[in-house]
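To start, the structure itself, in structure tokens.
Bear in mind these aren't lab numbers, they're just calculated from the coordinates by the rules spelled out. Note that this is a predicted model, so its numbers are computed, not measured. Here the Cβ is made from the backbone with ideal geometry for all residues, glycine too, and neighbour counts use every protein chain on show.
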Amino acid sequence: KAEISQNSSAAVIVSTRQRGNPLLPHMRNVIVTYRDDILPDYVLGANTCAIFLSLKYHRLHPDYIYERLRQLGKGYIVRILLLQVDIPDSAICIEELTKVALLSSLTLMLAWSPAEAARYLEAFKIYENKPPEVLQGIKDTSYQGHLNGFLTSIRGVNKTDVARLKSEFGTVKDIVQADKGRLSALPGIGEKKAGRIHELFRQPFRNLK
Amino acid sequence: MSTDSKTSLLSYEKQALMDLLTDDCLVVLGEGITYQNILLSYLESYSDPGTLLLAVECPEEMEEWLLERLTLSETAVVPPKKVTSEIHVEKRTDHYLQGGVQFISKRILVIDLLCKRIPTELITGIVFFNAHYVRDTSIETFIARLYRTDNKTGFIKAFSTNPIQLNKVNQAETCMRHLFLPRIHLWPRFHANISECIEKHKCEVVELHIPLTDVMKNLQMCIIDLLHFCMKEVKKHIPSLDSDFFVVENAVGKDYFRSLKKVLNPIWSHLGPNTKQLVQDIKIISQLNNQLLQCSAVRFYEVVHKLKPTGASRSSNVCLWMFTEAFGRLLSLSKERVEQKEAEKIELSPKWEAIQEILSEIKAENKNGPPKNTLFCVSSYATAKQIVKFIKYGEVSTLAEELLSTQRPQKDLQADIPPSEETEDSRTTFGLEESHNIRFLVEKKYTMIQEYLTSLNPTYVILHDPDLFMVRSLEMFRCRRPGKPLRIYFLVYDNSIEEQRYLTQLSEEKKAFEQLIMMKGNMTVYTDQDGREGTNAMLERGHQGLKFKDLESQDSRQNHAKSFPKVVVDMRDFRSSLPSILHKSGMDLIPKTIEIGDYILTPDICIERKSIVDLIGSLASGRLFQQCQAMCNTYRHPMLLIEFDEANGFSLQNYSGVTDAVVTSSLQTQLTLITLHFPKLRMIWSQSEYTTASIFHELKKGKEDPDVGAIETVSKESSIISSEFNHSVVNTLLQLPGVTSKNYFLLARKFANILEISKTSQERLSEVLQNKEEGRALFEFFNQVENKSKPDD
């Protein structure tokens, strides 16, 4: 189809009906082009599109979204319903729209400000072809990165504690072998945290059963 | 000693025991008022094979003590038992049928109730603890509901030691309604029975009101000025802040910062970086208060000195308060205090002088005769260490050494205190010789404080820092040992923040009790509040949020109660409150250990539930990606449920903010990536468990129940960490360099724990990992002394 090939441009294609949406001035990281002949509000890639809905608007015009979704039909693979949460008691609205999204095969995204909404749209465009590595656990492979990862995986231990432990004990080996008393004597590490650190290093890998 | 503890009960304890035996009730005790003896006598009477009494989530130390005492007891016919996950599920029912007193965690109990592993109708009674935290979504509430539905004759009792928490927004009534308790019994310190008892066995109290030195007074003023300044600034940024709560008088309180954070959490994202910084600064400044009273002049100077704006590091985050006159004074005064060439002239902590006098008084009294024990109660380990050094070497040399050590790294200062071993002794003596007969107790709410005091057997107690819990505990301790003298030296700085804090603590507790007494008088107790008969609304199940069009079907549902829709729930998710809400809303739960997803609603719908904290964590670790992948490969309708909690507000921005650029580190970008990679995955954004329950009902409408058999076959194949191993330890293990999801099991099978790995040679590690490089990386991580950069405080 003609539309598909045009979709693969480098820009986010914005439907002209979106003009005046306060999120548009926040779109600074991608190129934006307007068109008046696309079904969704935003075309974010060859197979990605988004419909935008402000909850405030939805409350005033409850039928609008149903009509839009009917028009949208079944095109695109990644289909986003981007909601801007701009009313205080949003629970019932969101519940209803969750159902709507499920029935029309849309994925719901929530933003709490025009800037946040813009960031979502930009991210969809920019990472259109991003491989999943980022999601598969980006690991900081420096010594410090491993150290942080290792110690902060213990519940309650934060990076300040990591720095304290390191400067007090010198090596990781000494931290692992430290007794509870010395751990709990460190500022910021109470008896409880010390107990957890101490215990985890001594807990057997294997489950008893 | 007689094991029949009934005879040794104090008069109030006897009364409380009587109450316990007659009513389903909530027992509330004041700070430091002990109840373990009441509980022991009570449980003794139920240690019989013909009964089954469950003590749910008993505080650990107390549980140990009760287990030991009940085992030794002559009155108890059967020994007490503990239900743990190590008892195989098939043997669980037999275990319960053995009767007597059984200690159990709430998670195990709720699952066993649901799976009918426990003969609910045979339970004689249930005892709950920490009732002040019980809300509609608590697991305790769930347990009480399941229990009362099938058991109308058994009893329920609950304990609370936190009247202040209980007095907040109807908490007491809420708790009583949810646990089916028609009565409440209050035991404040001013209860006639208790005060009479304490009056009869009075401690000898020496109150020492120590005046602050002029310099200290001035410093205290400076700190208060600084707090004023910062709070005024914050107030400017957030005009909506409740002015009653946001005052300096509160800010000196103990847990103020925590409650301030709680108040600010819902709006945290809307605060600018400067406001956030100010809030952090309030914390730092209020800590200065403690440090002023606790630390020696030298140590205090060091702390203040560290705060000084140090050009580059602070310039980006200008802290206005550091440029106030008050801070200038704070700096110069604390500096003057120590800037003497000789240590003799440095101002001494006034309490040290008092301690010296007290110690010599005690010494003089005990010249002849057997040695008697002195107990120091202090608020921190650091204080204890200071006192030890001071007793050992005298005040001047202690200061002199501290002075020297400010120029050296901290390590040297602590060098002469041996690293404490795990023995009881050094925990309490802090390296002081036995001959001094001095022990230390670092302020902490020991559940079993009475036992601890008995073991330390003090004749003299020096309360270095005023602490309500300790005062009360000592009063109770004295009551329990009639005839044995006990003298308490109560040290407090006159007109100081610590004095004020102590008085506030006292009056707050008093106020809470007075209001609870009022409430008790006016409370509406429904005739069916105990849930034993009639139609208690708490026992009704069904979905209140159902729309009118569903009413019909709901009616027909009530006619055949068995027709509730079924949901499979991952066993691990019973820590959260969603299962309870789902059950209440009219769903039957099937607990199961499932490897993919947390909730299976239909044969096609699988849901992974993530609280925001979990979401952030699992996105960063890559676990969410794997979970989504597994879900998408297995189910037709995989869903990610993002569950917010009311305390922190319904907004993702509260957690991550919004950046100007698109960066992969932001939560929003990561969610975008998840969506791009799993177009099939749907998102559910839920503000509370109730919304979630309502959405679940929608999703299940007209759909089949999940096929339990099919889920089981799925679970075996695709676990990320094999169920052979302990998840949390292996998670930590996976963080180590050289360890991956492909080789971790080599280590986990060869070594017992992380400690053992840390002691292993490089050669051996390489051999086990079957890889030289990985072995080297792992070994170096443990043994490398990285260029010692100072932590950035």
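Starting at the first residue of region B:362-373, write each ³J(HN,Hα) from the Karplus equation 6.51 cos²θ - 1.76 cosθ + 1.60 with θ = phi - 60°, in whole Hz, x for Gly and Pro.
5, 4, 4, 5, 9, 3, 9, x, x, x, 10, 8
For region B:1-100, what is the convex hull volume of the alpha-carbon atoms per residue, in Å³?
120 Å³
Using R₀ = 30 Å, calculate the FRET efficiency as 1/(1 + (r/R₀)^6) where r is the Cβ-Cβ separation of A:Lys99 and A:Asp36; round to 0.05.
My answer for the efficiency is 0.45.
State the three equivalent ellipsoid semi-axes of region B:600-666, derived from the C-alpha gyration tensor as the square roots of 5 times its eigenvalues, in descending order and whole Å.
Semi-axes, largest first: 25, 16, 10 Å.
Give the calculated FRET efficiency between B:Gln762 and B:Glu365 to the nearest 0.05, with a Förster radius of 51 Å applied to their Cβ-Cβ distance.
For B:Gln762 and B:Glu365, the calculated efficiency is 0.25.
What does the C-alpha gyration tensor say about the overall shape of region A:37-118? Classify as rounded when a/c is under 1.5, otherwise prolate if a/b is larger than b/c, or oblate.
Here region A:37-118 falls in the prolate category.
Going down the table (A:Lys192/B:Lys759; B:Lys106/B:Lys610; B:Lys262/B:Lys283), which pairs top 18 Å between alpha carbons?
From the list (A:Lys192/B:Lys759; B:Lys106/B:Lys610; B:Lys262/B:Lys283), the Cα-Cα distance tops 18 Å for A:Lys192/B:Lys759; B:Lys106/B:Lys610.
Amide H to amide H, which residues 5 or more places from B:Ala55 or on other chains are under 5 Å from it, using H placed in the peptide plane?
Here B:Gln102, B:Phe103, B:Ile104, B:Val127 satisfy the definition.
With the dipole of chain A worked out from charges on the C-beta (+1 for Lys and Arg, -1 for Asp and Glu) around the Cα centre, which of A:Ser54, A:Gln84, A:Gly149 lies farthest toward the positive end?
Result: A:Gly149.
Tell me, what HN-Hα J-couplings in whole Hz come from the Karplus equation 6.51 cos²θ - 1.76 cosθ + 1.60 at θ = phi - 60° for each residue of region B:754-760, using x for Gly and Pro?
Using θ = phi - 60°, the values come out as 5, 3, 5, 4, 5, 8, 8 Hz.
In deg cm²/dmol, rounded to 500, what helix-only [θ] at 222 nm does the protein assembly as shown give when every DSSP H run of at least 4 residues adds -39500 (n - 2.57) and the total is split over its residues?
-14000 deg cm²/dmol
Based on the inverse mean of 1/r over its pairs of different Cα atoms, what is the Kirkwood hydrodynamic radius of region B:191-245, in Å?
Computed over Cα pairs of region B:191-245, the Kirkwood hydrodynamic radius comes out at 15.8 Å.
Going by Cα centres, region B:69-96 and region B:150-198 are how many Å apart?
27 Å
Taking 7 Å along the Cα-to-C-beta vector as the label spot, tell me the B:Asp614-B:Lys276 distance in nanometres, rounded to one decimal.
Result: 2.5 nm between the two label points.
Just how large is the dipole of the protein assembly as shown about the Cα centre, in debye to the nearest 20, putting +1 at every Lys and Arg Cβ and -1 at every Asp and Glu Cβ?
1740 debye
If each of A:Arg28 and B:Tyr133 carries a label point 7 Å out from its Cα toward its Cβ, how far apart are those two points in nm?
4.5 nm
Positive end of the charge dipole of the protein assembly as shown (Lys, Arg +1 and Asp, Glu -1 on Cβ, about the Cα centre): tell me which of B:Leu146, B:Ser286, B:Met176 has its Cα farthest that way.
So the residue we want is B:Leu146.
Pick out which of A:Gln18, A:Gln71, A:Gln177 has the largest mean-square fluctuation in a Gaussian network model of chain A, springs linking Cα atoms closer than 10 Å.
Per the Cα network of chain A with a 10 Å cutoff, A:Gln177 tops the list.
In whole Hz, with x marking every Gly and Pro, tabulate ³J(HN,Hα) for region B:458-474 from phi via Karplus 6.51 cos²θ - 1.76 cosθ + 1.60, θ = phi - 60°.
The phi angles translate into x, 9, 10, 10, 10, 8, 5, 10, x, 8, 4, 4, 5, 4, 4, 4, 5 Hz.
Anyone know which of A:Thr160, A:Thr98, A:Thr33 comes out most mobile in the 10 Å Cα GNM of chain A?
Comparing A:Thr160, A:Thr98, A:Thr33 in the GNM, the peak value goes to A:Thr160.
Calculate the dipole size of region B:10-124 relative to its Cα centre from +1 charges on Lys and Arg beta carbons and -1 charges on Asp and Glu beta carbons; express the result in debye to the nearest 20.
Rounded to the nearest 20 debye, it is 420 debye.
List the residues, sorted by chain then number, that are 5 or more residues from B:Val27 or on another chain and whose placed amide H is less than 5 Å from its amide H.
Residues meeting the amide H criterion: B:Ala158, B:Phe159, B:Ser160, B:His185.
Using only the alpha-carbon atoms, what does chain B span along each of its principal axes? Please give whole angstrom values in decreasing order.
Between the extreme Cα coordinates on each principal axis of chain B lie 85, 69, 62 Å.
Please check chain B for the longest run free of GluC sites (Glu not before Pro) that are loop-located per DSSP (anything but H, G, I, E, B) and have at most 14 other Cβ atoms within 10 Å.
It runs B:87-338.
Which Cα, out of B:Phe513, B:His727, A:Ala118, lies furthest along the positive dipole direction of the protein assembly as shown (beta carbon charges, K/R +1, D/E -1)?
Selected residue: A:Ala118.
Using r as the Cβ-Cβ distance of B:His237 and B:Asn495, and R0 as 35 Å, what FRET efficiency do you calculate, to the nearest 0.05?
Efficiency computed from Cβ-Cβ geometry: 0.65.
For a quick check: with amide H placed at 1.01 Å from N, whose amide H comes under 5 Å from A:Leu108's, ignoring anything fewer than 5 positions away on the same chain?
HN-HN under 5 Å from A:Leu108: A:Leu81, B:Met683.
Which of the three applies to region B:140-291, rounded, prolate or oblate, going by the alpha-carbon gyration tensor with a ≥ b ≥ c and a/c under 1.5 meaning rounded?
oblate
Given Cβ point charges of +1 (Lys, Arg) and -1 (Asp, Glu) and nothing else, what value in debye, to the nearest 20, does the dipole of region A:1-157 about its Cα centre take?
Here region A:1-157 has a charge dipole of around 140 debye.
Please report, in Å, the Rg and the Dmax of the protein assembly as shown, where both are computed over Cα atoms only.
31.5, 106
How far is it, in nm, from the label point at B:Lys703 to the one at B:Arg572 when both lie 7 Å from their Cα along the line to the Cβ?
2.3 nm
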